[in-house]
1. Considering each residue of the range 194-243, count those that are part of a strand (DSSP E or B), of a type in the set (Ser, Thr, Tyr) and away from ligand 2 (no atom under 16 Å from the Cβ), and give that number.
2. On the basis of being over 30 Å from Pro370 (Cα atoms), charged (D, E, K, R), outside any loop (DSSP other than H, G, I, E, B) and open to solvent by 80 Å² or more (accessible area, probe 1.4 Å), does Glu298 make the cut?
3. Mind listing just one residue for me: the one in the range 183-227 that is within 23 Å of Gly83 (Cα to Cα) and among the aliphatic types (A, V, I, L, M) and, of those, surrounded by the fewest Cβ atoms within 10 Å (Cβ to Cβ)?
4. Sort out which residues of the range 103-146 are among the small types (Gly, Ala, Ser) and more than 20 Å from the chain's Cα centre (by Cα), and write them in order of number.
5. Could you check the range 263-292 and list, in sequence order, the residues that are without any contact (Cβ under 8 Å) to a residue 24 or more places away in the chain and either in contact with a Leu (Cβ under 6 Å, 6 or more places away or on another chain) or farther than 25 Å from Val388 by Cβ (or both)?
6. Identify the residue in the range 98-110 that is touching a residue at least 60 places away in the same chain (Cβ under 8 Å) and assigned to a loop (DSSP other than H, G, I, E, B) and, among all such residues, is nearest to ligand 3 (Cβ to nearest atom).
7. Kindly list, by first and then second residue, each pair from a residue in the range 320-333 that is of a type in the set (Phe, Trp, Tyr) to a residue that is open to solvent by less than 90 Å² (accessible area, probe 1.4 Å), limited to pairs with Cβ atoms under 6 Å and residues at least 6 apart or on different chains.
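The values are calculated or read from the model by the stated rules, or taken from the named source; none is laboratory data. Here the structure is a predicted model, which is why all the values come from computation and not from measurement. Cβ placement follows ideal geometry from the backbone for every residue including glycine, while neighbour counts extend to all protein chains displayed. Ligands, DNA and RNA are stripped out before the accessible areas are found, and what is left, the full protein with its side chains, is counted by its heavy atoms. Shrake-Rupley method; radii C 1.70, N 1.55, O 1.52, S 1.80 Å.
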Amino acid sequence: MPSPNLSRVVSLLKEREPAQVQELVNWLKIPSISTDPQYRQACREAAKWASDHLAASGFSSGLRETGSAQNAGHPIVLAHTPGAPDYKGPHVLFYGHYDVQPADPLELWNSPPFSPKIADQPTPRIIARGAVDDKGQVMMFLSAMRAWKEISGLAAGGVKVTVLLEGEEESGSVNLDAFIDANKAELGNCTVCVISDTGMLDRGKPAITYGVRGLAYTEIILHGANQDLHSGMWGGKSPNPISELVKVLAQLWDKDRRVTIPGFYDKVRPIAQSEREEWNRLGIDPAEALKKIGFPPEANVGEAGFSFTEREWARPTAEINGIVGGYTGKGAKTVIPSHASAKVSFRLVADQDPHWVTEAFFRWCKERTPAGCRWELIDHHGGNPATVKTDSRELAAAARAIERACGTRPALIKSGGSIPVAGSLKSKLGLETIFMGFGLDDDRVHSPNEKFELECLRMGTLSHAYLIDELLAMR
Ligand code: BES
Ligand code: MN
Ligand code: MN
């Protein structure tokens, strides 16, 4: 039975959409780039903005400091609904992040990244850094909470909800695990986590994501001579760190594009035949997807023996994310640099362990140390992969909420991206996560001109409002 309040909540949200968009614009104006110390204050301001929003919706909300006095992190927003004492339904932990990626390269933006722009063409959208990742998606939840409070008089309509908004997701969640450990008492009563930070299957095709990949991120620096050298005097007589580095890196994949680190695939969970068949039925067209990002169909390359979708959702990869060394300015300079470096990361799947992979990669590098050179190996950060249960009551409730809100049953998909908190919540608190996200593949996540389409904002906002109704029915 839908609660009598539901239809009023839905009408209010529809009526308030322009105001919602304006609120999101205000939040997006705050440049909460967590990786860059210059934006520390902006991060705090963005956190405060969200905390105040939750407080206005009846949550007891505040900022919690992270890290240590010497090495302070960005604050976490933690909020709770009071919750009736006899409440027996699910206690939801809503997780999102208020931090965003750096906006560079700035010159590729058609409008400034922190001056959000509303455009009607080709479809109505809001363009700004953080529009879909993740402020716009957290906004869906915030607006649904506000409407339920206004209509029912109760925070979250009477459902027990805890909110955790992180400010370091885009910079490796370095303080998150310690925060969870230190606040087990406050988080430990939650029964399920809901995260809106993933995508849909396609336009108008909502989805629940039941798996995200893990990550191991490293930097490797190859040192050669104690100074830069004239390439005419020293080329051919001594090692060039750039040339040596690329020769090593080229060995990272074999001819089948499989990663060559011994044992890399040992823990990889095989794809079940039933999963394979379900994924095939989703009708994902690789050529169509590649076309959107400017590739011809023959760009469908990756590990041999696996489909386009399987390679993203269920297979690990190695990527070089950046490589620098030597002269990169204008014109020409004949030089052999003293060192060269690369950022190398691995996307991981269940049941691979990021620490093991990093160690194995470093061992692999050391076994290939070019003659006369020396490695400096840096472990940046990582995150565990997470595959969640698809047969829980809560996931069924979320699926019904999405179906009622969008008029379409959500597809069950996986994602190649990483959301480290899910793995931590599972291992530390035993929590399952429901990823209900509303992004699109062409939202330009982490790129210039990031956008969130208003149709997606609408679907997500209503889905969160209906989710409250579904949870109320489970009391
Ligand atoms: N929201 C993304 C993850 C994501 C992207 C999930 C697309 C599904 C589809 C998240 O903010 C993100 O960017 N995560 C990082 C994790 C890293 C910094 C530890 C990622 O995936 O690179
Ligand atoms: Mn995100
Ligand atoms: Mn991101």
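1. 2
2. Yes, satisfied.
3. The qualifying residue surrounded by the fewest Cβ atoms within 10 Å (Cβ to Cβ) is Ala185.
4. Ser111, Ser115, Ala119, Ser143, Ala144
5. Asp285, Pro286, Ala287, Glu288, Leu290, Lys291
6. This residue is Gln101.
7. Correct list of pairs: Tyr327/Val335.
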